[in-house]
Amino acid sequence: MTCREKIISNEYADLITDYVIADELSETTPLDFCFHRIDSGYGVANVNRRMIPPMSVGYYGYAMIPVLYGLMQIGDDIFNPENLAAMGNIRVQNPPLSLQGSGVIIGFIDTGIRYQLDVFRRTDGSSRIMAIWDQTIQDGEPPEGFLYGTEYTRADIDRALASAAPELIVPSTDTDGHGTQMASAAAGSVLNYGLTFRGAAPQADIAVVKLKAAKQYLRDYYLIADDAAAYQENDIMEAVKYLERMAIALQRPVVIVMGIGTNMGSHNGTSPLAAYLNIVASRRSRAIVVCGGNEGDKEHHYEGTVPDVVEIRVEEETKGFCLELWGALPDTYSVRVRSPGGETTQEIDFRNKVDREIDFVFERTRIIVNNVIVERNSGEQLVFFRFEDPTPGVWNLRVYPSEDGQDGMGVFHLWLPITGFLDTNVTFLSPSPDVTLTEPSNAEQVITISAYNALTESWFPQSGRGFTKNGNIKPDLSAPGVQVSTALGSRTGSCMAAAVAAGCVAQFLEWAVVDGNVPTVAGRGIKSYLIRGADRSENVMYPDNRWGYGKISISGTFEMLARST
């Protein structure tokens, strides 16, 4: 079996590794596997699942098993005309600045793109899409240096557009629509029926990675709803690598925008994906814009201090769900579970680092509990629960200090999966709306965007809130995310806020890099320019865990620059 076949086969597990582990596997272990590097100490090993132990956070560690990410969008039908105007975007598009993203590439890591739409074409009919890497199509040539998927160049796309059967030349499309909506909100433009549709950066070039769906064994491991769109962390890292290589090859500024997220992880920005994003975003002419998710009002986060009793409501017909408990240094924790029928486990103490499987006498539920006393990337304790066939009702999770005592404050956090990953409602009875930004938006170097309603100038209650679990300032800025106009109708969600914010970043990069005003600017500097120009209310103390440093205003950034010269 070739490496391409192993990468896409459900019979092969994907493990995020470092180079040392991969070298040890190849030299000392007779395994059936492939290994390919991503960057900066990370690679992916695709290993025959029959030759390794089953997936377990306790056995492999948390960072090695790819986390799954979902889409951060809510349907809508009403167009809100205030969105671009609220950011000063249209003002900057027009003279005297006339910044429309020319010379800048906006890269989308999402569900693909409907490349035939007029919104992605120039006035001469040619495409503004530079390339599409479709990870789901395996019968064409992958990008140079990659092992799977098929790459379609601008020449391929233009040839398809000129054909009577474009899908025979470029069969890649966006069946979901999410990626197309993101791309059109950020960079779409067309004159149609006398009305001008205009994205935030209508002259930017576009690059697209269509993510392949997560493998079934990972969906089963994380107990994700059958109909949920789910994508693997390692495939997202490969997509970032692809767009970064494009920036290097073309020597062009690139904005990478991500409208995906997950509740899995430390919420400190310590995952392999977050670490890689930090590296890329710190380079010249790069910016990474990430949405903060839509989990602010979903009752999927709990914050407590030991000893504590956490109540979890589980609806009828719930097939299963995962639950993560993250501690805080230097404390350690043990747990006890009580079913809705009153059956209680013994206190589970993890000092011996043994993973536990809990079967109930009077319940059909099976709970698997994995403990990582020192999670590799965060250094904190992680207790990972898998509830299979949970009895409906209210479950109690009692959290105790370990018998060794508590030297710290005894604070812990619990997260349930994002809404899209659950087949029914599973919620905390006493949730906290704070620290609900989805990963990877907690990564330090990325530009994290929350959402607000530009028509009412009010906070969008579903938007994720900061700060990070360890108190770092996130989100960075807020952008309009309610009823945003796209090529497929208006859409709402923090992903839409990230899309229009990415257009503003492209406008700034056109001025800074393409026009040569600040040619060495990198992600942190771009963020600082935007923060200094943000709109701030007298009634809010900044930085704020909802608004960050304020509402993004690209016109405000240039007004600030004008005052400084």
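The values are calculated or read from the model by the stated rules, or taken from the named source; none is laboratory data. Given the structure is predicted, the values throughout are model-derived calculations rather than measurements. Positions of Cβ are generated from backbone atoms using ideal geometry, with glycine treated the same way; all protein chains shown enter the neighbour counts. What goes into the accessible areas is simple: the full protein's heavy atoms, side chains included, and nothing from ligands, DNA or RNA. Shrake-Rupley method; radii C 1.70, N 1.55, O 1.52, S 1.80 Å.
Answer rounded, prolate or oblate for the range 378-452, using the Cα gyration tensor with square roots of eigenvalues a ≥ b ≥ c: rounded when a/c is under 1.5, else prolate when a/b is larger than b/c, else oblate.
Values: a/c = 2.04, a/b = 1.09, b/c = 1.87.
Oblate, because a/c is 1.5 or more while a/b does not exceed b/c.
Averaging the sequence gap over all C-alpha pairs within less than 8 Å and six or more residues apart, then dividing by the number of residues, gives the range 49-182 a relative contact order of 21 percent. Take the Cα of Thr456, go 7 Å toward its beta carbon, and the backbone nitrogen atoms of the range 478-513 under 19 Å from that spot belong to 478-485, 490-497. Do any of Lys212/Lys527; Lys6/Lys215; Lys298/Lys474; Lys215/Lys469; Lys6/Lys319; Lys210/Lys319 go past 22 Å between their Cα atoms, and which? The pairs that break the limit, which is 22 Å between Cα atoms, are Lys212/Lys527; Lys215/Lys469; Lys6/Lys319; Lys210/Lys319. Working from label points 7 Å from Cα in the Cα-to-Cβ sense, the Val309 to Ser528 distance is 5.2 nm.
State the extension gain, in nm to one decimal, for the chain segment bounded by Asp434 and Thr153, taking 0.36 nm per residue of separation less the distance between their alpha-carbons. Numbers along the way, then the final one.
Values: separation 281, 0.36 × 281 = 101.16 nm, distance 4.29 nm.
96.9 nm is the gain from fully extending Asp434 to Thr153.
If only the Cβ of Lys and Arg carry +1 and only the Cβ of Asp and Glu carry -1, the dipole of the chain around its Cα centre is close to 1620 debye. By the helix-only formula, in which each DSSP H run with n ≥ 4 contributes -39500 (n - 2.57) and the sum is divided by residues, the chain has a 222 nm mean residue ellipticity of -6000 deg cm²/dmol.
Across the accessible surface of the chain, with the other protein chains kept in place and a 1.4 Å probe, carbon and sulfur atoms take up 49 percent. I need the shape label for the range 323-477. Rule: rounded when a/c is under 1.5, else prolate if a/b > b/c, else oblate, with a, b, c from the alpha carbon gyration tensor. Since a/c reaches 1.5 but b/c is at least a/b, the shape of the range 323-477 is classed as oblate. The equivalent ellipsoid of the range 85-223 has semi-axes of 29, 19, 13 Å, largest first, where each one is the square root of 5 times an eigenvalue of the Cα gyration tensor. What do you get for the angle between helix 178-187 and the principal long axis of the chain? Use alpha-carbon atoms, 0 to 90 degrees, nearest ten. With both axes taken from Cα atoms, the answer is about 40 degrees.
Each Cα pair under 8 Å and six or more residues apart adds its separation to the average, and for the chain the resulting relative contact order is 20 percent. Estimated from the Cβ-Cβ distance and a Förster radius of 30 angstrom, the FRET efficiency linking Ala162 and Arg245 is about 0.60.
In terms of the Cα gyration tensor, with a ≥ b ≥ c the square roots of its eigenvalues, is the range 476-565 rounded because a/c is under 1.5, prolate because a/b exceeds b/c, or oblate? Here the range 476-565 falls in the oblate category. For the chain, the longest principal axis of the C-alpha atoms and the axis of helix 233-250 are separated by about 30°. When each of the peptides 212-224, 544-556 is scored by how many other beta carbons lie within 10 Å of its residues on average, the order from highest to lowest is 544-556, 212-224. Here the relative contact order of the range 307-377, from alpha carbon pairs under 8 Å that lie six or more residues apart, stands at 19 percent.
Accessible area per residue for the chain in Å², computed with a 1.4 Å probe and the full protein assembly in place, what is it?
Ligands and nucleic acids excluded, the result is 37 Å² per residue.
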